[in-house]
Amino acid sequence: MKKQIYIISIVSLLIISCEQTETRNELGSDAGTKYITDYQSAPKEVYEIIEAVAENIKIGSEKIRLLDSLPVDFTAYDFLESEEILKRYSDLEKIYSHQAELFKKSQEAKPYQLMPTKLLNFDLILSSSIDFDKPYEENREYFPSYIFYSPLITSDGKLAVISIDFVCYGCGQGSSFILMKENGKWVKIEEIQRWIE
């Protein structure tokens, strides 16, 4: 009997840890946003997308400070459901045929871990060193910095969407970049501002 209880306890713990998700308020995101904690190594395509976006946000020669992981924020891609938002941007007719696919991918996105050796022009900050439950003042050394969220890539590999947040003391903004693959390289076709403080 004791052996059966022990086995059931171990199996229960394994199931709970495999399904672990946590809810936390992360740097201005809506409370209750789900952040999946099981990160996998980012594929080559993700690094290419990050580099393409960096070309559009970099100012001067300083390295871009970036969290070392790409979390999943299901709200970062809500604009994909909004015809009103998409109609404001003239270049977005390119995504209409992929709108449903991209929104579905946003709900199935996986978090990625970034390797510093693959992003040499970035200053990667260990996500685990930041306690998002503490006030900003206790995490001040890590900011200003960017949080890039897990990107969405269409099944044909020609269109990508990535949402990012820039967070600093008392300010910040969130944007989403729409990129197309042209001649083997990701090129920005539009930037959508999601929020600003």
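Before moving on, here are some points about what is shown:
- Filter pass, LYS105 being touching an Asp or Glu at 6+ places or on another chain (Cβ under 6 Å) and modelled with pLDDT of 75 or more: no
- Where SER41 falls short, out of the listed (1) in contact with a strand residue (DSSP E or B) (Cβ under 8 Å, 6 or more places away or on another chain); (2) modelled with pLDDT of 80 or more; (3) within 15 Å of GLN107 (Cα to Cα): (3)
- Check on PHE132, surrounded by fewer than 19 Cβ atoms within 10 Å (Cβ to Cβ), in contact with a Cys (Cβ under 8 Å, 6 or more places away or on another chain) and not small (Gly, Ala, Ser): no
- Residue count for segment 79-123, restricted to those that are under 22 Å from ILE192 (Cα atoms), of a type outside the set (Lys, Arg) and without any contact (Cβ under 8 Å) to a residue 24 or more places away in the chain: 12
- When PRO151 is tested against (1) farther than 22 Å from GLN113 by Cα; (2) in contact (Cβ under 8 Å) with a residue 40 or more places away in the chain, exactly one condition is not met: (1).
- Candidates GLY184, GLY157, filtered to the one that is touching a residue at least 40 places away in the same chain (Cβ under 8 Å) and on the phi > 0 side of the Ramachandran plot: GLY157
- Restricting segment 147-174 to residues that are surrounded by fewer than 21 Cβ atoms within 10 Å (Cβ to Cβ), part of a strand (DSSP E or B) and not hydrophobic (A, V, I, L, M, F, W, C), the residue that is modelled with the highest pLDDT: GLN173
- The condition of being of a type in the set (Asp, Glu) and in contact with a helix residue (DSSP H, G or I) (Cβ under 6 Å, 6 or more places away or on another chain) holds for only one of GLU190, GLU182, GLU197, that being GLU190.
- The selection criterion, being touching a residue at least 40 places away in the same chain (Cβ under 8 Å) and over 20 Å from VAL53 (Cα atoms), does not hold for ASP165.
The values are calculated or read from the model by the stated rules, or taken from the named source; none is laboratory data. If you're wondering where the values come from, they're calculated on a predicted model, not measured in any experiment. Here the Cβ is made from the backbone with ideal geometry for all residues, glycine too, and neighbour counts use every protein chain on show.
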